[in-house]
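Take a look at the structure set out below.
The values are calculated or read from the model by the stated rules, or taken from the named source; none is laboratory data. On a predicted model such as this, the values are computed, not experimentally measured, just so you know. Ideal geometry is used to build each Cβ from the backbone, glycine not excepted, and the neighbour counts take in all protein chains shown.
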Amino acid sequence: MATFESTIRPINYAQENVYNLLSDLSNIERVKSRLPEDKAKDLVFDTNSISITTPMGSVKLSIVEREAPKCIKFETEESPLPFNFWIQILPVTATTSKMKLTIKADLNPFIKGMVSKPLQEGIEKIADVLQMINYEA
């Protein structure tokens, strides 16, 4: 099992605010305009799932577990490469928190060599976007 983790990101909002927005994927509509247009055009989401077309193919993730207010776990429903993904949110103060993203995938050594760098870069880009969101209720 290969694990890819983002750097830990400071978030200038309370843990509950971050969790509440991210645990309901329909809230993505509020931040969709911040995504690069070429990346957001194939983005489809509802309360429990999100799907997007990538250069490698279609990817659909569904929330499989919510552990309020600290963790949201996703699993692939459709993907050229099956994986699990989770967002961890921890409090720092009453008004700030920190976040880490993790991907776990069962990769053979050949595939791991090809996808390790793109997966690590991708998880950091997702963390960049999540760090910039306004989590005000």
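Test Glu78 against the stated conditions and say whether it is without any contact (Cβ under 8 Å) to a residue 12 or more places away in the chain and under 21 Å from Phe45 (Cβ atoms).
So Glu78 fails the test.
Somewhere in the stretch 30-45, is a residue of a type outside the set (Asp, Glu), surrounded by 15 or more Cβ atoms within 10 Å (Cβ to Cβ) and either more than 16 Å from Leu101 (Cβ to Cβ) or at pLDDT 95 or above (or both)?
yes
What residue, among those in the stretch 100-137 that are farther than 29 Å from Leu21 by Cβ and in contact (Cβ under 8 Å) with a residue 40 or more places away in the chain, is surrounded by the most Cβ atoms within 10 Å (Cβ to Cβ)?
Looking at the filtered set, the residue picked out is Leu107.
Could you look through the stretch 86-137, keep only residues that are among the β-branched types (Val, Ile, Thr) and modelled with pLDDT under 95, and pick out the one that is farthest from Thr53 (Cα to Cα)?
By that ranking, first place goes to Ile133.
Residue check, Val59 against (1) closer than 17 Å to Ala14 by Cβ; (2) out of contact with any Phe, Trp or Tyr (no Cβ under 8 Å at 6 or more places or on another chain); (3) among the aliphatic types (A, V, I, L, M), all met but one. Which one?
The one condition Val59 does not meet is (1).
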